[in-house]
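First, the structure itself, so that you have it in front of you.
Please treat every number below as a calculation from the coordinates, not as lab data. The structure displayed is predicted, hence computed values, not measured ones. A quick note on method: Cβ atoms are made from the backbone with ideal geometry, for glycine too, and the neighbour counts reach across all protein chains shown.
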Amino acid sequence: MTGGHSPQTQTAAVSPRRRRLLRLLPLLVLVTATGAWAGGLFGLAGQLLAMRGLGPEDFGARLDFSGYRVAIEARPIDGLTDNTSGLTYNPTTGTLFTAINDPPKLAELSPDGSLLRVMPLTGAKDVEGITHVEGDRFIIVDEGKSRLNWITITPDTTAIDLAGTPFVTLDLGPVSNLGFEGISWDQRRQELVVVQEMLPVRVLVVDGLEAAVQGQGLGIAVREWVPDNWAGHGVSDLSSVSVHDPTGNMILLSHMSSLIIEYDANGAPVSLLSLWAGRHGLQASVPQAEGVAIGPAGEVFLVSEPNLFYRFDPARRETRP
């Protein structure tokens with residue numbers, strides 16, 4: 001027989017490469033994990049130093065996460081098994097809504113993390129975020145399509161089809177799975193805040209969307225929001241955002257850095273909530289925080305993959321007679 005190699009010879013030639021790759025795999029995992037840990041440590045240190053430069057006169061209205069304690073820790077959401085992502089609070093119903101990206105669906109939760117209903121989502125690819133606008137109106141973000149869809153969820157909604165719903169496409173990310181990760185409607189300013197996960201980490205503010213989807217003219221403006229401090233974002237990624245309407249403060253979540261950072265209306269960091277074991281009463285670190293929402297009493301609601309629910313309550317304030 002002439003020409004080529006026997007199957008046995010081909011296998012012998014490939015195996016050493018595979019063995020080398022397998023030997024390198026633990027090192028690559030270690031480097032990635034170390035980089036995320038170092039990024040989180042650097043982010044925490046940078047934000048703390050930036051806050052130390054502020055005096056009492058610099059702190060306006062704020063939630064002040066320093067005294068928050070975990071009230072519900074790592075409670076599995078019965079009925080959901082995986083891929084729990086964005087989170088929003090609906091003051092109209094007093095409930096939470098979360099996005100599940102695979103398979104695409106939305107779910108409504110009680111404030112203690114109990115599952116109230118699941119709504120399959122047709123026409124979506126990779127839904128990562130959801131925000132309540134007003135009444136029964138919501139906006140979801142599809143990272144896979146770089147698309148924002150306006151949807152309606154009533155008490156009778158059992159499933160949602162995105163066909164025919166108003167949408168806007170903002171294709172700004174170089175990598176499809178590192179694009180828009182979280183959204184929040186700013187009720188005060190009537191603007192939408194969108195966070196890009198990484199490459200680069202950034203926060204975008206989109207104005208004019210409501211008028212556009214209602215057919216009142218195309219006057220959409222997009223600008224980048226940046227922190228007003230030398231440390232910048234100081235996080236490895238951004239996984240969610242929530243604008244606190246009573247104060248107008250920006251709440252940013254980073255799951256790789258295990259941090260929730262509160263910024264005031266001027267962009268200065270004013271408080272931090274670390275998601276590491278031993279901090280704020282946590283028995284164990286939050287594994288992969290993907291969605292954050294703020295309740296009416298300042299509670300911080302959090303969902304973490306695969307299906308874990310958390311609630312942090314503000315410090316009790318003593319009442320004086």
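Can you tell me how much longer the chain between residue 71 and residue 228 gets when fully stretched, taken as 0.36 nm per residue apart minus their C-alpha distance, in nm with one decimal?
Values: separation 157, 0.36 × 157 = 56.52 nm, distance 3.17 nm.
Here the answer is 53.3 nm.
Follow-up. Give me the net charge for the shell around residue 75: Cβ to Cβ below 10 angstrom, other residues only, Lys and Arg +1, Asp and Glu -1.
Working: positive: 311; negative: 73, 78, 112.
Here the count lands on -2.
First measure r as the distance between the Cβ atoms of residue 266 and residue 159, then evaluate 1/(1 + (r/R0)^6) with R0 = 51 Å and state the FRET efficiency to the nearest 0.05. Mind dumping the intermediate values first?
On the way: r = 43 Å, r/R0 = 0.84.
Efficiency for this residue pair is about 0.75.
In nm, what is the difference between 0.36 nm times the number of residues separating residue 134 and residue 190 and their Cα-Cα distance? Intermediate results must be reported in sequence, preceding the final value.
Numbers: separation 56, 0.36 × 56 = 20.16 nm, distance 1.08 nm.
Extra length from residue 134 to residue 190 when fully extended: 19.1 nm.
Can you grab the distance from the C-alpha centre of the range 246-270 to the C-alpha centre of the range 102-181, Å, no decimals?
23 Å
Continuing with this model, one more query. For residue 82, project a label point 7 Å along Cα to C-beta. Then give me every residue of the range 97-127 with its amide nitrogen under 11 Å of that point.
Only 102-103 fall inside the zone, counting backbone N under 11 Å.
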